[in-house]
Each structure stands twice: as C-alpha cells, then as structure tokens.
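S.K.: My questions all concern the structure below.
The values are calculated or read from the model by the stated rules, or taken from the named source; none is laboratory data. Computed from a predicted structure; not experimentally measured. All Cβ positions, even for glycine, are placed from backbone atoms using ideal geometry, and neighbour counts span all protein chains on display. Remember, those area values only see protein heavy atoms, side chains included, never the ligands or the DNA or RNA. Shrake-Rupley method; radii C 1.70, N 1.55, O 1.52, S 1.80 Å.
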Amino acid sequence: AQSVTQLDSQVPVFEEAPVELRCNYSSSVSVYLFWYVQYPNQGLQLLLKYLSGSTLVESINGFEAEFNKSQTSFHLRKPSVHISDTAEYFCAVSDINTDKLIFGTGTRLQVFP
Amino acid sequence: DTEVTQTPKHLVMGMTNKKSLKCEQHMGHRAMYWYKQKAKKPPELMFVYSYEKLSINESVPSRFSPECPNSSLLNLHLHALQPEDSALYLCASSQEGKGDTQYFGPGTRLTVL
C-alpha cells in the first residue's frame, strides 16, 4: 500500500523568503507524484507533477520539486514566496496500475508581509 | 483547456431532501472521480468511473448514489443525508485513469441541516 507523509502541518514564512514543503512517500511499485495547491474556498489546482524523466520539475509560478528515489521524497521549493502563495499544499502519489490518488495531510503555507 | 465545472457552488439541504450535484468536463477524459473533503483535511476518494462504468466505490453509504450518463457528465445524487455529510464535494477527471493526472473542479460546498 502507498502512503504520503507531509511532516509540516503549517509553515509560516515572510514574504520574499525561500520555502521548502516536505513530502515523503512509501510505495512498493512505480509511482507518479503530484503537488496540488488549494486556495481558500476553492478546489485543488495542479501545481506540478513527476511522471518520468528529469527528476527536477518546475511550475509556471516559480515552484519546483525534485524527485529523489533513494530518499523517497518529493519536496516542494520556492526561492522567494509572495503573499499570494498563502494556501494549503497537498502532496499526492498514484501508482501506475490504479485509479487511486493518495494524498498527504497537507501543509498550510502562510506568507507574512 | 483543463477545466472541470461543478454545479451548484453551494447547496443547503435538509435531511429528508433529495438533491444532485453535477460535474462536467469537455477534455475527452474517460475517467471521472468524486471526492469528499472535510475542513482542514485532504480529499477522500468516494467513487471512480472509468469509461462510464463504476470501477471503484470506497464503501460509500448508499445515501450517496453516483451516475455517469455520458463520458462528459458525472452526477452525485444525495438522499437522506446526515449533518456529518456536510463537506466540500470535489469532482475530478483524468485522461485514462491508471495514474494519469487528475484535474479538479472548484467543488460544491454542501451543508446538511
């Protein structure tokens, strides 16, 4: 069975500071990895995904994540955050054989001015 | 275009009411999903339809009844709900399922009185 761990339930950070949101997964099969962002009272938006190929994936708004197979991690990073990045971030994993997307418990990123 | 639409945005219903949630996508996706999300929690999978057939039911109570009339449309029929069923109901779709990227709608905020 797969599982996803997001160790940090909340990450407070000042604007323009760098941030890292941690995600570790456990799976016995090949997986796809995702980061979704959820702004207040909205649905989930796909931020970025790792399916195969380059282990470093980037989003259009400055976030990046690196797949590390040996450490079973897929941490999300941004070198300089904005107030508008305040949201809930979910890491998720799906195996290539099922229709199930397994979510972590989420990390609340709070950016302060 | 990766848009999934959901109606209504908000729904308030009594425990004896019958109502339906609607989800639509025009991306040609063949897998569609219903999730339930409680406050400050990750989404929980309820149902999966693959090629218009129910493929996964995560032991959801029978007061929730999904329906997939065609490849673009997914309904969730609600009857005799309980106050604890109040939540954000999210619909998602993916190209073929089996680990494909899932795209989420904005959700329906359901309140059961």
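S.K.: Please specify each residue of the range B:76-113 satisfying the condition of being among the charged types (D, E, K, R) and closer than 17 Å to residue B:32 by Cα. Don't jump to the end; show me each part of the working.
M.R.: Of all residues in the range B:76-113, those among the charged types (D, E, K, R) come to B:84-85, B:96, B:98, B:100, B:109.
Answer for the range B:76-113, where residues must be among the charged types (D, E, K, R) and closer than 17 Å to residue B:32 by Cα: B:96, B:98, B:100.
S.K.: For the range A:9-19, how many residues are in a strand (DSSP E or B) and surrounded by 14 or more Cβ atoms within 10 Å (Cβ to Cβ)? Don't jump to the end; show me each part of the working.
M.R.: Restricting attention to the range A:9-19, the residues satisfying the condition of being in a strand (DSSP E or B) are A:10-14, A:19.
Of the ones still in play, those that are also surrounded by 14 or more Cβ atoms within 10 Å (Cβ to Cβ) are A:11, A:13, A:19.
Qualifying residue count, the range A:9-19: 3.
S.K.: Tell me yes or no: at least one residue of the range B:93-102 is in a strand (DSSP E or B), open to solvent by less than 50 Å² (accessible area, probe 1.4 Å) and closer than 21 Å to residue A:96 by Cα. Quick ask: steps written out before the conclusion?
M.R.: Applying the first criterion (in a strand (DSSP E or B)) to the range B:93-102 yields B:93-94.
Still in the running and open to solvent by less than 50 Å² (accessible area, probe 1.4 Å): B:93-94.
Filter once more, so that each one left must be closer than 21 Å to residue A:96 by Cα: B:93-94.
So far as the range B:93-102 goes, yes, one or more of its residues are in a strand (DSSP E or B), open to solvent by less than 50 Å² (accessible area, probe 1.4 Å) and closer than 21 Å to residue A:96 by Cα.
This table checks each residue for (1) surrounded by fewer than 13 Cβ atoms within 10 Å (Cβ to Cβ); (2) within 11 Å of chain B (Cβ to nearest Cβ).
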position	(1), (2)
A:7	yes, no
A:31	no, yes
A:55	yes, no
A:59	no, no
A:64	no, no
A:72	no, no
A:95	no, yes
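S.K.: Please verify whether residue A:37 is open to solvent by less than 30 Å² (accessible area, probe 1.4 Å), part of a strand (DSSP E or B) and over 17 Å from residue B:99 (Cα atoms), treating the condition exactly as stated.
M.R.: Spelling it out, residue A:37 is indeed open to solvent by less than 30 Å² (accessible area, probe 1.4 Å), part of a strand (DSSP E or B) and over 17 Å from residue B:99 (Cα atoms).
S.K.: Taking residue A:70 as meeting all but one of (1) assigned to a loop (DSSP other than H, G, I, E, B); (2) at pLDDT 95 or above; (3) of a type outside the set (A, V, I, L, M), write down the number of the exception.
M.R.: Single failed check for residue A:70: (2).
S.K.: Right, another one. For the range A:76-87, name all the residues that are surrounded by 18 or more Cβ atoms within 10 Å (Cβ to Cβ) and either under 16 Å from residue A:104 (Cα atoms) or aliphatic (A, V, I, L, M) (or both).
M.R.: Kept after step one, since they are surrounded by 18 or more Cβ atoms within 10 Å (Cβ to Cβ), are these residues of the range A:76-87: A:76, A:78, A:81, A:85, A:87.
Within the range A:76-87, A:76, A:81, A:87 qualify.
S.K.: Keeping to the range A:55-78, report how many residues are among the charged types (D, E, K, R) and under 23 Å from residue A:29 (Cβ atoms).
M.R.: First, the residues of the range A:55-78 that are among the charged types (D, E, K, R): A:58, A:64, A:66, A:69, A:77-78.
Restricting the remaining residues to those that are under 23 Å from residue A:29 (Cβ atoms) gives A:66, A:69.
Total satisfying the criteria: 2.
Conditions (1) under 13 Å from the mean Cα position of the chain (by Cα); (2) closer than 22 Å to residue B:31 by Cα; (3) modelled with pLDDT under 95, marked per residue:
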{"position": "A:19", "(1), (2), (3)": "yes, no, no"}
{"position": "A:30", "(1), (2), (3)": "no, yes, yes"}
{"position": "A:52", "(1), (2), (3)": "no, yes, yes"}
{"position": "A:59", "(1), (2), (3)": "yes, no, yes"}
{"position": "A:82", "(1), (2), (3)": "no, no, no"}
{"position": "A:112", "(1), (2), (3)": "no, no, no"}
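S.K.: Would you please name the residue that is farthest from the other protein chains (Cβ to nearest Cβ), looking only at residues in the range A:97-110 that are surrounded by fewer than 20 Cβ atoms within 10 Å (Cβ to Cβ) and farther than 19 Å from residue A:2 by Cα?
M.R.: Step by step, filter the range A:97-110, then rank; the result is A:110.
S.K.: Can you tell me which residue is modelled with the lowest pLDDT among those in the range B:28-44 that are closer than 20 Å to residue A:37 by Cα, open to solvent by 20 Å² or more (accessible area, probe 1.4 Å) and more than 8 Å from every other protein chain (Cβ to nearest Cβ)?
M.R.: Across the range B:28-44, the extreme among qualifying residues is B:39.
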